[in-house]
Amino acid sequence: AVVSTQSTGSNVAPDRSLLTRSKGIVLMMSVSVVATVQGSIAFYLSTFPTGMFLIISGIYTFLFLSVLLSYHNLTLWNFSMKKWVASRVALAVLAAVCKTWSFQNLPIGDASALVFTAPLFTSVIARIFIGRKFTIVTVFALLSGIAGVCLITKPSFIFKDNTSEVPGYYKLVPLLAALSLGTSFIFQEKISSKVSPVTVSFYTAVLQVATGIGWSVYEGVYPLPECGLARYLLVVCGLCYTAGRICLNRALKYESAPTASILRNLDTAFAFIVQVAIFDKPAETLSVLGAVLIMMGTVSIALSKIFDVTFGIEF
């Protein structure tokens, strides 16, 4: 539901045109498409060290954003809410680091299912701290999204797969990623009307490069990509980072953090389609059902926001 800014502290306007209501939805769907391309590149370059991947793709992102900063004559220093921006950037990078670690050290299904609980954290935090109420559509979208992710990724703690045992506390890391990501959405919604999304994305890219350097020092490997396809793909990945971050930060100017976070679950459905279409992964019945559930939840909340339908039930 669209909730008044006076009651929630949100930057989302209470009375919005159909075009304005649609902008946030379209931008978030664009983020999911871009993130799927980015994830596919990371999967294709999975043998490349994580630290160097973060550094090189981050440098390209830094360069692209520098051009945008110059073109739009944006400042890097003279903007409001600096503490909010710093917290939002730090949370986003912490989420990225925890997510990357999770996919390296946990079964892929476990990591995916736990990371994609972020919409639940976002919705609960928004309800507690800014009074953003749940609607029937929100609850349906949350439950169908989480169920869909689990059917696609098949986490071992649900499907009883004991072939890859890891310490139980390892699973706290993807939950930390989800919590950090969910909280960063709340922070971004707060600053979206006062700070340029290019500025926020620029500082995120800087911290990403710094994190990549630290990661590479820890790993002790510093290879450069070979000439040819790998280098071109890293350039594309940098473009994806740039477009995805700007679209995400811009979307939160038009749409609430819980809605945006739910729409991010589209990544899983899109990634499944890419794996089947490009990487020749067999399409299992449960995975297809999971993709359908995610799409159903996403479409339901998108339509409820675009046409301002609440069914009169909020809690």
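Collect the residues in segment 225-247 that are within 16 Å of the chain's Cα centre (by Cα) and surrounded by fewer than 16 Cβ atoms within 10 Å (Cβ to Cβ), keeping them in residue-number order. Those that are within 16 Å of the chain's Cα centre (by Cα) and surrounded by fewer than 16 Cβ atoms within 10 Å (Cβ to Cβ): none in segment 225-247. Pairs meeting the criteria (first residue in segment 65-84 and in contact (Cβ under 8 Å) with a residue 12 or more places away in the chain and of a type in the set (Val, Ile, Thr), second residue open to solvent by less than 60 Å² (accessible area, probe 1.4 Å) and in a loop (DSSP other than H, G, I, E, B), beta carbons under 9 Å, at least 6 apart or on different chains) are THR75/SER196. Among all positions in segment 214-223, there is no residue which is acidic (Asp, Glu) and surrounded by 19 or more Cβ atoms within 10 Å (Cβ to Cβ).
Checked against (1) farther than 30 Å from VAL89 by Cβ; (2) at pLDDT below 90; (3) open to solvent by 30 Å² or more (accessible area, probe 1.4 Å); (4) not in a loop (DSSP other than H, G, I, E, B), ASP161 passes all but a single condition, namely (4). Going through (1) open to solvent by 30 Å² or more (accessible area, probe 1.4 Å); (2) free of Cβ contacts under 8 Å to residues at least 60 places away in the same chain one by one, GLY109 falls short only on (1).
Just so you know, in segment 29-81 the residues that are hydroxyl-bearing (Ser, Thr, Tyr), in a loop (DSSP other than H, G, I, E, B) and open to solvent by 60 Å² or more (accessible area, probe 1.4 Å) include one that is farthest from LEU239 (Cα to Cα), and it is THR47.
Screening ARG127 on (1) farther than 20 Å from ALA257 by Cα; (2) free of Cβ contacts under 8 Å to residues at least 60 places away in the same chain shows it passes everything except condition (1). Are any of the residues in segment 133-143 assigned to a loop (DSSP other than H, G, I, E, B) and either touching a residue at least 40 places away in the same chain (Cβ under 8 Å) or under 20 Å from the mean Cα position of the chain (by Cα) (or both)? Yes, segment 133-143 has at least one match. Within segment 262-276, none of the residues are surrounded by 14 or more Cβ atoms within 10 Å (Cβ to Cβ), of a type in the set (Gly, Ala, Ser), under 18 Å from the mean Cα position of the chain (by Cα) and at pLDDT 85 or above. VAL195 satisfies every condition listed in (1) open to solvent by 10 Å² or more (accessible area, probe 1.4 Å); (2) within 23 Å of LYS83 (Cβ to Cβ) except (1). For segment 135-157, the set of residues classified as of a type outside the set (S, T, N, Q), in contact with a Leu (Cβ under 8 Å, 6 or more places away or on another chain), within 27 Å of GLU314 (Cα to Cα) and surrounded by 22 or more Cβ atoms within 10 Å (Cβ to Cβ) consists of LEU142, GLY145, GLY148, listed by residue number. Residues being at pLDDT 90 or above and either among the hydrophobic types (A, V, I, L, M, F, W, C) or at negative phi (or both) are represented in segment 217-225 by at least one member. None of LEU172, LEU176, LEU207 is out of contact with any helix residue (DSSP H, G or I) (no Cβ under 8 Å at 6 or more places or on another chain), within 30 Å of VAL124 (Cβ to Cβ), part of a helix (DSSP H, G or I) and open to solvent by 30 Å² or more (accessible area, probe 1.4 Å) except LEU172.
The values are calculated or read from the model by the stated rules, or taken from the named source; none is laboratory data. All values reported here derive from a predicted model rather than from experimental measurement. Here Cβ is always computed from backbone atoms with ideal geometry, including for glycine, and neighbour counts include all displayed protein chains. Calculation scope for accessible area: heavy atoms of the full protein, side chains included, ligands and nucleic acids excluded. Shrake-Rupley method; radii C 1.70, N 1.55, O 1.52, S 1.80 Å.
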